[in-house]
Structure formats: C-alpha cells, structure tokens
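Working notes, beginning with the structure itself.
The values are calculated or read from the model by the stated rules, or taken from the named source; none is laboratory data. Please read all numbers here as calculations on a predicted model, not as lab measurements. FYI the Cβ positions are ideal-geometry reconstructions off the backbone, even for glycines, and counts take in every protein chain you see. For accessibility, only protein heavy atoms count, side chains too; no ligands or nucleic acids. Shrake-Rupley method; radii C 1.70, N 1.55, O 1.52, S 1.80 Å.
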Amino acid sequence: ALHLLNDTIFNVSQTTTSIDKALNHNANVLFEIDINDATIELQYSGILSDNKIKSTSDLSVDTLPIKSIKKTNGYDKTHSISVEFSKNDFSIGGSYLYYKFSNQQNVNNSDNSTIGSNSYQKVQNFEFYADNENGFSIGNISYGVEGKCIRTTNTYDEQSFNRANNTNTEQIEYELSAYVGWNQKISKGALNISCAVEWQKATEKNGMQNLI
C-alpha cells in the first residue's frame, strides 16, 4: 500500500503470521472415611495450563525489509488441598491453596534489537476453621472460629535495548474471626441471636531496581 508522509510516497507492506498452542490439565481426588460417628474427608484438586504464541511480522518500507518475531509463553498452575474432621455437630478443618502464574514475552527484530518482559505471580492461601453446636433446654448454642493467611508475590522484569528494570511486590493478609449464636424455637417461629468479631491485618513491601 502507498502512504504519503511529508510529501513523500512510501510503499509499505506487512504480513503477520501467528501460531497459538494451548494445553490444559485437570485433576481431582476425594477421599472420605467413616469411623464410628466421625468422618474424615481429604480432597485435592490441581489445574495446569500452558499457552504459547509465536507471531512473525514481515514489514517492508520501499525496499527496506524489517522482520520482527514475537514469542509469548504463559502458564499457570493451581494446587489446593483440604482436610476436615466432623463428628455430630462438631467440625474442624483446614485448606492450603498454591497458585503460580508466569508470562514471558520476547521480541527479536532484524536489526538485532531485542525487547523482553517477564511477569510472575505467586499466591499462597492458608485457612482453618472450627465449628460446634450444643443443644440445651433453653435452646441451641453454636460457636466457631476461622483464620486465614494470604501471601501474594508479584515480580516484573523488563529488558529493552541496554536497559533493564525489575519490580517486586509482596503482600501478606491476615484474617481472624469468631462467632457465637443462640437460637430457640417458639410457638409461631424461631428466635435467633448471634454476634461476631473479626480482626484483619495487611502488610505490603515494594522494591524496584533499574539496571543500565
């Protein structure tokens, strides 16, 4: 195609070819065992995804050819495991989740210049809980606690020509809650009273480094 720039006509042509590949895996396992009046449950689930993209661009301005190859590799994986013990109206359990994401991009040009970037994220989530309920002549009393800790880490690297940048962030979140409730059936319905308290805390760290 012809393009006019500063009273000069340039013949510009471009061809782009892209190839995408994706691979996904899923796994789930559930194990449950009954012992007298108690039940133990163990569960695992995992997800793995792998994506690759290769894009080739051929650009010519008049008789000057410019070729650019862009490669993108990205994958993410998730692993989670949980366990619970329950007996009658009592239950206690916990879970752990691990998530990781990675994305890499590289662009190579015909003039030997290279531009690249890498980004990573990792998340770890810990949880636990305990619940119980007791029945009395004046009604049922239920109570329990729950705790959570989430750690998130992000990393980003960028390289362009003779410069490189690196950025890191880390965030940790804590949550702790407790509740107590009372309920009693009455002649024309039910009466419920409950209260809960929750505590939260979050910390964050940031870091940056520039390399020339």
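Quick notes
- Simple label model, 7 Å out from Cα along Cβ direction - residue 165 to residue 132, nm: 5.5 nm
- Long-range tail of P(r) for the range 116-161 (Cα pairs > 11 Å, %): 76 percent
- Extension gain for residue 78-residue 27 works out to 17.3 nm (0.36 nm per residue, less the C-alpha to C-alpha distance).
- Residues of type lysines that residue 185 reaches as a straight line, Cα spacing below 30 Å, ignoring anything fewer than 8 places off in the same chain: 87
- Residue 120/residue 19 FRET efficiency (R0 25 Å; Cβ-Cβ; nearest 0.05): 0.55
- Couplings 3J(HN,Hα) for the range 136-141, derived from phi with the Karplus relation 6.51 cos²θ - 1.76 cosθ + 1.60 (θ = phi - 60°), are 10, 5, 8, x, 9, 10 Hz, where x marks Gly and Pro.
- 205, 188, reordered so the largest accessible area comes first (probe 1.4 Å): 188, 205
- Compared with the direct C-alpha span, the chain from residue 52 to residue 71 gains 6.1 nm at full extension, assuming 0.36 nm per residue.
- In Å², nearest 10: area of residue 145 left accessible to a 1.4 Å probe: 60 Å²
- Given R0 = 30 Å, the distance between the Cβ atoms of residue 177 and residue 44 translates into a calculated FRET efficiency of 0.70.
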